[in-house]
Amino acid sequence: MTLLDFARGPALQWSMIILVAGVLWRLGGTILINAKKDLSKARKEHAVADGLKTIATRSLPAHQFEKNIRFQHFSGYAWHIALFVSVLFFAPHILFFESVLGFGWPSLPNSIILITAAIALAILFALLIRRATHPVQRIISNADDYISILVVIAPLITGILAFAHLGARYETLLAVHLLSVEALFVWFPFGKLMHTALTFPSRYQAGSSYGRKGVRA
Amino acid sequence: MRKDQTLGAYLFSQGVSRRGFLKFCSATASLMALPPTMVGRVAAALENARRPSVIWLSFQECTGCTESLTRSHAPTVESLIFDAISLDYHHTLQAAAGHGAEAAREAAMEENAGEYLLVVDGSIPIGNPAYSTIAGISNLDMLKESAANAAAIIAVGTCAAYGGIPHANPNPTGAVSVSDIIKDKPIINVSGCPPIPVVITGVLAHFLTFGSIPELDELGRPKAFFGQSIHDRCYRRPFYERGQFAKSFDDEGARQGWCLYELGCKGPTTYNACATLKWNEGTSFPIGSGHGCIGCSEPDFWDKGSFYRPIAAGLWGSRDALLGAAAAGAAIGIGTALAARSKKKRANAAKETEST
């Protein structure tokens, strides 16, 4: 079995099993564990609208902190958009999703994907350097932050190298790229990358909880 | 052709002009990635070369490799060089049969000990020697015996080079490649199902010129022919870059000649000269005919999933395993949450009991 066969076969299968099982384990546990008793009468019995509203309002920075977090805010958005375009609209990626989901969607030209991937990589490097050098960020960062960044940077670098056929034969680069993605899959449910699945549910939970208490979220 | 006749004399007697011969030498030197200064040496060596003795063994194969080499197109200098070798033993091509044929092989081995080239096509069954025998001799024994005094071995076709289709899962005959058995001789793998004719004449020309084997890649193939992927030299590559893909073999994209990556083309992971040398006098190659590359010059090409499954799609088992993982993950998550709730409830109850 070649490295590429291993990466496309058993490594992919097992990493996806860990990803799916891990994400549902954490999602199920996190959502159901929240059953605090009301200590006073709820202002609203069902605060669904507050929950949904909070999902939207927390997508923008709070006015009080707007100036201080402008760099993180915009670089965060740019990074996520560049990453999503690179991941979701590169033709080979779509073929992969199609093989898992059973349906695909139109792709973007490779030249555009190369630009978005380069932007994503550059921003992530900038954010990594900031995290390592900013006095406050450095203190609040732990191993989870750095591992999570590492497992995201690796597929970006290996993906660009595979795309450009740089450094080794294409099948080796492709295998290393797949293995780096599989490392991400395995780490995903157990580290901070899980925010991908938890961001909106946790915003909803916070919004609806405040809503029940009559507090503006 | 007489045995003592030189290759040059034979070619000129067949009507090949000196200009045509030198053109062939230049093309061969270029194909083999040799510098232009080597053209003269190639010409001198080929012109003065005595007919090399070649013993061709056919094991578990379909004769496609021989067909490819002998019936590829009208006679050219390449095919004349192939004719010019002293092909002392070849099941399909020789007139002799039975004991006479075997006697020819044994005589050639004895007369040219240490100098003859051994060409093998087909894989060797080691599961049970009776799966393939010639004159009562198992393929394994015949290979070992013939290889013992060979100068070099050319494994022609993917079956001889890597086991090929007989080696494919579940490999009922226990088929293996030449290099799985012979470890003490230089082996050149000219893979492909079948291989390109000019590649074998190029390898022969190199052997005649330098008396050695050409530079090989890590899979034992001549780098000059197998150094680049089909994808790198494919004329449809610009469509890949632009993201223009044929979605089926008869859609507008296919008619426009767009990239066949989504239809399972294995060009990016296949190394061969099909896209540059092409077939049938340089007329076309599979991608030129509208079908993706099936990766036939790579080991285990038959076991890498469907020919029509894109490389990016992965070779993972089934969605059932993922559904099972989802169910198991959800069950563990829900179970953990319920257990935590119950624990909390018990703790609260105990607290209330204590306070009363």
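The values are calculated or read from the model by the stated rules, or taken from the named source; none is laboratory data. This structure is a prediction, so every number in the text was calculated from the model and none was measured. Methodologically, a virtual Cβ is constructed for each residue, glycine included, from the backbone with ideal geometry; neighbour enumeration extends over all protein chains shown.
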Subject >> Top-ranked residue in the stretch B:234-274 [being within 12 Å of chain A (Cβ to nearest Cβ) and among the basic types (K, R); ranked as surrounded by the most Cβ atoms within 10 Å (Cβ to Cβ)] >> reply: B:K266
**OP:** From B:S212, B:S191, B:S179, B:S229, grab the single residue that is over 30 Å from B:Y116 (Cβ atoms) and of a type in the set (S, T, Y).
**Re:** B:S229
Subject >> Residues located in the stretch B:306-356, provided they are at pLDDT below 80, assigned to a helix (DSSP H, G or I) and closer than 30 Å to B:L260 by Cα >> reply: B:R319
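Condition test on B:P35, is it touching a residue at least 12 places away in the same chain (Cβ under 8 Å) and either under 30 Å from B:S138 (Cβ atoms) or under 30 Å from the mean Cα position of the chain (by Cα) (or both)?
No, not satisfied.
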**OP:** Of all residues in the stretch B:183-229, count the ones that are farther than 16 Å from B:A49 by Cα, in a loop (DSSP other than H, G, I, E, B) and polar (S, T, N, Q).
**Re:** 2
**OP:** Would you be able to say whether some residue in the stretch B:272-288 is closer than 24 Å to A:L179 by Cβ, assigned to a helix (DSSP H, G or I), modelled with pLDDT of 90 or more and among the β-branched types (V, I, T)?
**Re:** no
**OP:** Determine whether B:I154 is modelled with pLDDT under 95 and in contact with a helix residue (DSSP H, G or I) (Cβ under 7 Å, 6 or more places away or on another chain).
**Re:** yes
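Quick one: how many residues across the stretch B:333-347 are over 17 Å from A:L32 (Cα atoms) and at the interface with chain A (Cβ under 9 Å from one of its Cβ atoms)?
Qualifying residue count for the region: 0.
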**OP:** Scan the stretch B:287-332 residue by residue and report those that are more than 8 Å from chain A (Cβ to nearest Cβ), within 15 Å of the chain's Cα centre (by Cα) and not hydrophobic (A, V, I, L, M, F, W, C).
**Re:** B:G295, B:S297, B:E298, B:D303
Original post:
Is there a residue being out of contact with any Leu (no Cβ under 8 Å at 6 or more places or on another chain), within 14 Å of chain B (Cβ to nearest Cβ) and over 21 Å from A:T196 (Cα atoms) anywhere in the stretch A:116-131?
Top reply: no
**OP:** Out of A:A183, A:A175, A:A162, report the one residue that is over 30 Å from A:K53 (Cα atoms), touching a His at 6+ places or on another chain (Cβ under 6 Å) and crowded, with 16+ Cβ neighbours inside 10 Å.
**Re:** A:A162
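Among the candidates B:A151, B:A155, B:A135, B:A160, single out the residue that is more than 18 Å from the chain's Cα centre (by Cα) and closer than 21 Å to B:I200 by Cα.
Values: B:A155 fails: more than 18 Å from the chain's Cα centre (by Cα); B:A135 fails: closer than 21 Å to B:I200 by Cα; B:A160 fails: more than 18 Å from the chain's Cα centre (by Cα).
None of the others qualify; the one that does is B:A151.
Here is a yes/no grid of residues against (1) at the interface with chain B (Cβ under 8 Å from one of its Cβ atoms); (2) crowded, with 17+ Cβ neighbours inside 10 Å; (3) within 21 Å of the chain's Cα centre (by Cα); (4) among the basic types (K, R):
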| site | (1), (2), (3), (4) |
| --- | --- |
| A:D5 | yes, yes, no, no |
| A:R8 | yes, yes, no, yes |
| A:V48 | no, no, no, no |
| A:G51 | no, yes, no, no |
| A:H63 | no, no, no, no |
**OP:** Given the conditions (1) touching a Lys or Arg at 6+ places or on another chain (Cβ under 7 Å); (2) among the aromatic types (F, W, Y); (3) within 19 Å of B:G164 (Cα to Cα), report the number of the one that B:F285 does not fulfil.
**Re:** (3)
Original post:
What is the one condition in (1) in contact with a Lys or Arg (Cβ under 9 Å, 6 or more places away or on another chain); (2) without any contact (Cβ under 8 Å) to a residue 40 or more places away in the chain; (3) under 15 Å from A:S202 (Cβ atoms) that A:G29 does not satisfy?
Top reply: (1)
Subject >> Residue check, A:I140 without any contact (Cβ under 8 Å) to a residue 24 or more places away in the chain, under 21 Å from A:H80 (Cβ atoms) and within 14 Å of another protein chain (Cβ to nearest Cβ) >> reply: no
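Quick one: in the stretch B:71-100, of everything that is modelled with pLDDT of 60 or more and charged (D, E, K, R), which residue is surrounded by the most Cβ atoms within 10 Å (Cβ to Cβ)?
Among those residues, the one meeting the criterion is B:D88.
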Subject >> Leading residue by the ranking (surrounded by the most Cβ atoms within 10 Å (Cβ to Cβ)) among those in the stretch A:85-111 that are facing another protein chain (nearest Cβ under 8 Å) and touching a residue at least 24 places away in the same chain (Cβ under 8 Å) >> reply: A:N110
Original post:
Which one of these is more than 14 Å from chain B (Cβ to nearest Cβ), in a helix (DSSP H, G or I) and either exposed (fewer than 12 other Cβ atoms within 10 Å of the Cβ) or acidic (D, E) (or both): A:A78, A:A56, A:A82?
Top reply: A:A56
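Pull up the stretch B:189-211, narrow it to residues that are of a type in the set (S, T, N, Q) and touching a residue at least 60 places away in the same chain (Cβ under 8 Å), then point me to the one that is surrounded by the most Cβ atoms within 10 Å (Cβ to Cβ).
Of everything passing the filter in the stretch B:189-211, B:S191 is surrounded by the most Cβ atoms within 10 Å (Cβ to Cβ).
Residue by residue, here is whether (1) in contact (Cβ under 8 Å) with a residue 60 or more places away in the chain; (2) polar (S, T, N, Q); (3) in the same structural domain as B:C193 (by TED's automatic domain parsing) holds:
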position: B:L260; (1), (2), (3): no, no, no
position: B:L263; (1), (2), (3): no, no, no
position: B:T283; (1), (2), (3): no, yes, no
position: B:G288; (1), (2), (3): no, no, no
position: B:C296; (1), (2), (3): yes, no, no
**OP:** Could you tell me whether any residue of the stretch A:10-20 is of a type outside the set (A, V, I, L, M), within 14 Å of chain B (Cβ to nearest Cβ), surrounded by 18 or more Cβ atoms within 10 Å (Cβ to Cβ) and out of contact with any His (no Cβ under 9 Å at 6 or more places or on another chain)?
**Re:** yes
Original post:
What about B:S68, is it at pLDDT below 70 and hydroxyl-bearing (S, T, Y)?
Top reply: no
Original post:
Counting only residues that are within 8 Å of chain B (Cβ to nearest Cβ) and either in contact with a Gly (Cβ under 6 Å, 6 or more places away or on another chain) or not β-branched (V, I, T) (or both), how many does the stretch A:21-42 have?
Top reply: 10
